[in-house]
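Undergrad: For reference, the structure I am asking about is given below.
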There are 2 protein chains.
Amino acid sequence: MLEKKKKYHHGDLRTALVVAGLEILEEDGLDGLTLRAVAKRVGVSHTAPKNHFDGVKALWTAIATEGFWLHAKAMRDGVTSGATRDDKLRAAAAGYARFASEHPALFQLMFSPALCEHRDAALGEAASASYAVLREISAGLDWPGAEGPARQERTEWMVWSLVHGYAMLAISAQFPTGESGAPRHDVLSVMPKFGYPD
Amino acid sequence: MLEKKKKYHHGDLRTALVVAGLEILEEDGLDGLTLRAVAKRVGVSHTAPKNHFDGVKALWTAIATEGFWLHAKAMRDGVTSGATRDDKLRAAAAGYARFASEHPALFQLMFSPALCEHRDAALGEAASASYAVLREISAGLDWPGAEGPARQERTEWMVWSLVHGYAMLAISAQFPTGESGAPRHDVLSVMPKFGYPD
DNA sequence: TAGGTATGTTTACAGCGGAAACATTGATCG
DNA sequence: CGATCAATGTTTCCGCTGTAAACATACCTA
């Protein structure tokens, strides 16, 4: 029997729904990411997801969670090839912004509290993994204003805010764009050149 | 006649709808901002907005536009009281972040390309007014990496990215919060202390 | 004062998320 | 091995949403 028999049970519907959701985000953006559209793409009735997700927001949250893992990976890939700590920092920043510009709808979803449940444990874990990349790399960075309490955490927040703000503004079409449609300046040319003291 | 007579025509429905939308955003967040809910609050049929807005997204865009004007005002208010340019910069940053934390749903709407039309002329004008505050204040700021082409624009983008990123991460509940529910560090404590050379 | 246009209403409809009742599968346990 | 039951998927129905079309009212101007 060459034809794959259509089974009543899917096998791994939960994963399939998340994957389908990611694909829809790439093709149609956030507007197309409806429960019914995701179910239809998988070839399943629109109420089948109910067995795996408690409502659309739970599905969105699961998709965002997968997004955070991909996001962390995108950053880490560039980092490993960096020679100095500064190279690594800039590679992470570039990876952060590139991910946002390549997957704008997914990125928007990941950081929309109205769309996904940020108190979800799995989402938190994935987001932490993404954050951890910046955290490790920014450790020990020196910048004017760094001295004071909670220096390390404030350093992380400073770097994260800068890079995240650039990424968000870029996909929100707030930056004037050049001929290519991309912003006239990339993240790196907008990042202050701080140093590592030791 | 003490009772205000209900007129068939509203008089300034367009403005009333935008105001009602802003109120709903404060009370119920983005989820409650439906066309029907806005119309109902104004006391008008749910198709009446069609005469003033070409679809929900146009209404959302108009609400976001008003948000940008309020946002600009919130920043400017603090700025005028600042003595030095550095004081003004920090006041603008604080105003930027405070506006986001006080009106999270509106702020989210303002920067969601999936929800409002960023190519809209009126929106662009209001957004520019908001941007102009940071633009004026960051002019001449010195920072490591500033030298090079398009120095002034890159300076604006750097400041904007930093402040905007902080604001977005704060309302996305990405920052660990203290007991009050607010982030443990405010914008100012994660803003590098750059100076003005002259 | 007459007629046209701007503005608002009513009605209808398709798409959405969710609930409930039902069908099918697969796993557990005698 | 067979019966039962939980897990998973379907069907059907509901209320809510945005949109369109036909209609009603009020204003404005010639």
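The values are calculated or read from the model by the stated rules, or taken from the named source; none is laboratory data. Everything numeric in this text was worked out from a predicted model, so none of it was measured. For neighbour counting, all protein chains shown are included, and Cβ atoms are generated from backbone atoms with ideal geometry for every residue, glycine included.
Undergrad: Select from the stretch A:27-79 the residues that are within 13 Å of DNA strand C (Cβ to nearest atom) and of a type in the set (S, T, N, Q) and list them in ascending order.
TA: Within the stretch A:27-79, A:Thr34, A:Ser45, A:Thr47, A:Asn51, A:Thr61 meet the criteria.
Undergrad: With respect to the numbered conditions (1) within 14 Å of chain B (Cβ to nearest Cβ); (2) within 13 Å of A:Leu109 (Cα to Cα), which one is the sole condition not fulfilled by A:Gly21?
TA: Here A:Gly21 meets the rest and fails (1).
Undergrad: In the set B:Arg135, B:Arg151, B:Arg184, which member is within 8 Å of chain A (Cβ to nearest Cβ) and without any contact (Cβ under 8 Å) to a residue 24 or more places away in the chain?
TA: B:Arg184
Undergrad: A further question on this structure: Can you tell me which residue among A:Ala170, A:Ala126 is of a type in the set (Gly, Ala, Ser) and at the interface with chain B (Cβ under 10 Å from one of its Cβ atoms)? Reasoning before the result, please.
TA: Numbers: A:Ala126 fails: at the interface with chain B (Cβ under 10 Å from one of its Cβ atoms).
Only one candidate passes the filter, namely A:Ala170.
Undergrad: Quick check on the stretch B:78-99. Is at least one of its residues within 16 Å of DNA strand D (Cβ to nearest atom) and in a helix (DSSP H, G or I)? Break it down into steps so the answer makes sense when it comes.
TA: Taking the stretch B:78-99 first, the residues within 16 Å of DNA strand D (Cβ to nearest atom) are none.
No - not one qualifying residue is present in the stretch B:78-99.
Undergrad: Looking at A:Gly165 and the list (1) within 19 Å of the chain's Cα centre (by Cα); (2) surrounded by fewer than 22 Cβ atoms within 10 Å (Cβ to Cβ); (3) under 18 Å from A:Ala91 (Cα atoms); (4) not acidic (Asp, Glu), which single condition is not satisfied?
TA: For A:Gly165, the exception is condition (2).
Undergrad: Restricting the search to the stretch B:18-56, which residues are away from DNA strand D (no atom under 12 Å from the Cβ), under 20 Å from the mean Cα position of the chain (by Cα) and either at pLDDT below 95 or aliphatic (A, V, I, L, M) (or both)?
TA: The answer is B:Val18, B:Val19, B:Ala20, B:Leu22, B:Leu25.
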